[in-house]
Amino acid sequence: MVTEMQKGALSTRLGIPIIYGIDAVHGHNNVYKATIFPHNVGLGATRDPDLVKRIGEATALEVRATGIPYAFAPCIAVCRDPRWGRCYESYSEDPKVVQSLTSLISGLQGDAPADSAGRPYVGGSKKVAACAKHYVGDGGTHNGINENNTIIDTHGLLSIHMPPYYNSIIRGVSTVMVSYSSWNGVKMHANHFLVTDFLKNKLKFRGFVISDWEGIDRITTPPHANYSYSIEAGVGAGIDMIMVPFRYTEFIDDLTTQVQNKVIPMSRIDDAVYRILRVKFTMGLFENPYPDSSLAGELGKQEHRELAREAVRKSLVLLKNGKSSYAPLLPLPKKAGKILVAGSHANDLGNQCGGWTITWQGSSGNTTAGTTILSGIEATVDPSTQVVYSESPDSGVLADKYDYAIVVVGEPPYAETFGDNLNLTIPAPGPSVIQSVCGAAKCVVVLISGRPLVVEPYLGDMDALVAAWLPGSEGQGVADVLFGDYGFTGKLPRTWFKSVDQLPMNVGDAHYDPLFPFGFGLTTKGTK
């Protein structure tokens, strides 16, 4: 597909190659059999910039394996409210953690020369252009409502939401994507002060600014209500490349008319063209416009799966271990008579990958290649240990005697607005499975979710609780730590609230009263 598009571009009068980009936000996630890494919230729990950089390197190779030179990643939102449906795309509520994990950019693009701050950098044909998104304040919207209004003063915007952009620009990020959200009522896609005066002029960003999908349409309510105004406002604000998936002839005609009538000055077009060409030259697109078929073997390769498995191990946060600190349940013994594995997420690859996996929203079931948590458990325990699996065990199954049980429950996959959630409870039948299984045997609950959920009502029933976030395709990494081959090391990248009535609540707030504080995480020793 990319080859055919590129042929078309190169056959035009000027022969300028196109740049094709894709949402590779936790690996090359739209492509069947690609390695799916943990979503960003899990990577935030690792506190490991080197690991995240290596994930960027692997992702670049997998994206290039399918002929694509540009990834719309990373999301460097600072999520301040877990009710937001994109919260799992944010590394942390703490801007310092997000800043440290902009290392993904250096993995995707390569290490920029020290003296090139602000200039886009892509280190050759095995790297891809990156995109810092969504500029700016997308993680701070009122009540966590997606694409909504971020109500905060300038100091708050610059101290909480802006810092990761400083680091991204120092790392030579090629592009910046504008957020659908507003700042104090002004749509970011129409914000000349933040896009042109601040990002381009003050921060000296020299790459190009790209709109979000139909982003300029949403400058008006309802969207596309006054398209010529949207074009004038969006291009006038300083957006250089506009995502227009469907009505592109209308866009081209309207923009051309506005330039001819001097509504949009030619200098604004020159700025946009200059920046886009600069990135294309930097990427080597003029020398190597076509995909390199020799990279095809990079997709989903074993070394990348091992890296994803390492990332899963380091992302797990142990929140409770034993009814008392004197009697820890974890690590679990590999040699046991009979163990029970239960829950909707124990044997479901799609559930453990979450949204942005194969499809935009993701889906439950066997959606791609990988290892479920159940198969990871079965591969880890002693051959003599009997593993009984029941998604929702009835009284007959529960009547048996088990040495211990592992309950894996959590959220179904979702993305963006579909994930906005004001109650943040564990979806049914999760709570009843926890209560029935933990009433029958010693149990560890593994929670698969994009954010903290309400767990306090069930905490007393559990012997142990593990936050596993959205681990991706390598569920074996969960078993590696449950059974003690590796220790628990992850730290909460977000505050774990008691009840949603406390939200928004972030570390440093005056009335900070969490169930588990930011940075919390019990540790265990590993044998490897």
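The values are calculated or read from the model by the stated rules, or taken from the named source; none is laboratory data. Predicted, not measured: the structure shown is a model, and the values here were computed from it. When we count neighbours, we look across all protein chains shown, and the Cβ atoms used for this are built from the backbone with ideal geometry, even at glycine. Heavy atoms of the whole protein, side chains included, go into the accessibility calculation; ligands, DNA and RNA do not. Shrake-Rupley method; radii C 1.70, N 1.55, O 1.52, S 1.80 Å.
State all residues of the stretch 216-229 that are in contact (Cβ under 8 Å) with a residue 24 or more places away in the chain and among the polar types (S, T, N, Q); if no residue qualifies, say none. Once the filter is applied, which keeps residues that are in contact (Cβ under 8 Å) with a residue 24 or more places away in the chain and among the polar types (S, T, N, Q), the stretch 216-229 yields only Ser228.
Go through Lys200, Lys187 for me and flag whichever is open to solvent by less than 10 Å² (accessible area, probe 1.4 Å) and either over 24 Å from the mean Cα position of the chain (by Cα) or farther than 19 Å from Leu277 by Cβ (or both).
On the way: Lys187 fails: open to solvent by less than 10 Å² (accessible area, probe 1.4 Å).
Answer to the check: Lys200.
Of the helices (runs of 4 or more DSSP H) entirely within the stretch 29-120, those holding at least 1 residues that are surrounded by fewer than 21 Cβ atoms within 10 Å (Cβ to Cβ) and either more than 16 Å from the chain's Cα centre (by Cα) or in the same structural domain as Gly365 (by the TED database) (or both) occupy 49-65, 95-100. Report the residue count in the stretch 499-528 for those that are within 30 Å of Ala479 (Cβ to Cβ) and surrounded by 12 or more Cβ atoms within 10 Å (Cβ to Cβ). Residues meeting the conditions: 12. Close Cβ contacts (under 6 Å, 6 or more residues apart or on different chains) running from residues in the stretch 65-82 that are farther than 20 Å from Val279 by Cα to residues that are open to solvent by less than 10 Å² (accessible area, probe 1.4 Å) and of a type in the set (S, T, N, Q) comprise Ala77/Ser90; Cys79/Ser90; Arg80/Asn506. Output the residues belonging to the stretch 140-165 that are touching a helix residue (DSSP H, G or I) at 6+ places or on another chain (Cβ under 9 Å) and in a loop (DSSP other than H, G, I, E, B). Within the stretch 140-165, Ile145, Asn146, Glu147, Asn148, Ile151, Ile152, Met162 meet the criteria.
Selection over the stretch 328-370 of residues that are within 21 Å of Gln302 (Cα to Cα) and among the aliphatic types (A, V, I, L, M) gives a count of 3. Given the residues Ile406, Ile377, which is the only one that is touching a residue at least 24 places away in the same chain (Cβ under 8 Å), in a helix (DSSP H, G or I) and open to solvent by less than 40 Å² (accessible area, probe 1.4 Å)? Only one candidate qualifies: Ile377.
Quick check on the stretch 182-209: of everything there that is in contact with a strand residue (DSSP E or B) (Cβ under 8 Å, 6 or more places away or on another chain) and assigned to a helix (DSSP H, G or I), which residue is nearest to Ile145 (Cα to Cα)? Talk me through it step by step, then tell me what you get.
Going residue by residue through the stretch 182-209, those that are in contact with a strand residue (DSSP E or B) (Cβ under 8 Å, 6 or more places away or on another chain) are 182-185, 188-189, 191, 194-195, 199-200, 205, 207-209.
Within this subset, residues satisfying the condition of being assigned to a helix (DSSP H, G or I) are 188-189, 194-195, 199-200.
Numbers: Met188: 15, His189: 17, Leu194: 21, Val195: 22, Leu199: 25, Lys200: 28 Å.
Filtering first and then ranking leaves Met188.
Return yes or no: is Ser168 touching a helix residue (DSSP H, G or I) at 6+ places or on another chain (Cβ under 8 Å), surrounded by 19 or more Cβ atoms within 10 Å (Cβ to Cβ) and either on the phi > 0 side of the Ramachandran plot or modelled with pLDDT of 95 or more (or both)? Spelling it out, Ser168 is indeed touching a helix residue (DSSP H, G or I) at 6+ places or on another chain (Cβ under 8 Å), surrounded by 19 or more Cβ atoms within 10 Å (Cβ to Cβ) and either on the phi > 0 side of the Ramachandran plot or modelled with pLDDT of 95 or more (or both). Screening the stretch 1-28 for residues that are part of a loop (DSSP other than H, G, I, E, B) and within 20 Å of Ser293 (Cβ to Cβ) and picking the one that is most open to solvent (accessible area, probe 1.4 Å) gives Met1. Reported count of residues in the stretch 476-517, each being hydroxyl-bearing (Ser, Thr, Tyr) and over 21 Å from the mean Cα position of the chain (by Cα), is 3.
State whether one or more residues within the stretch 434-448 are open to solvent by less than 10 Å² (accessible area, probe 1.4 Å) and assigned to a loop (DSSP other than H, G, I, E, B).
No; the residues of the stretch 434-448 include none that is open to solvent by less than 10 Å² (accessible area, probe 1.4 Å) and assigned to a loop (DSSP other than H, G, I, E, B).
For the stretch 469-487, the set of residues classified as under 24 Å from Glu89 (Cβ atoms) and either open to solvent by 30 Å² or more (accessible area, probe 1.4 Å) or in a loop (DSSP other than H, G, I, E, B) (or both) consists of Leu470, Pro471, Gly472, Ser473, Gly475, listed by residue number.
Return the total of residues in the stretch 203-226 being closer than 18 Å to Met243 by Cβ and open to solvent by 10 Å² or more (accessible area, probe 1.4 Å).
9
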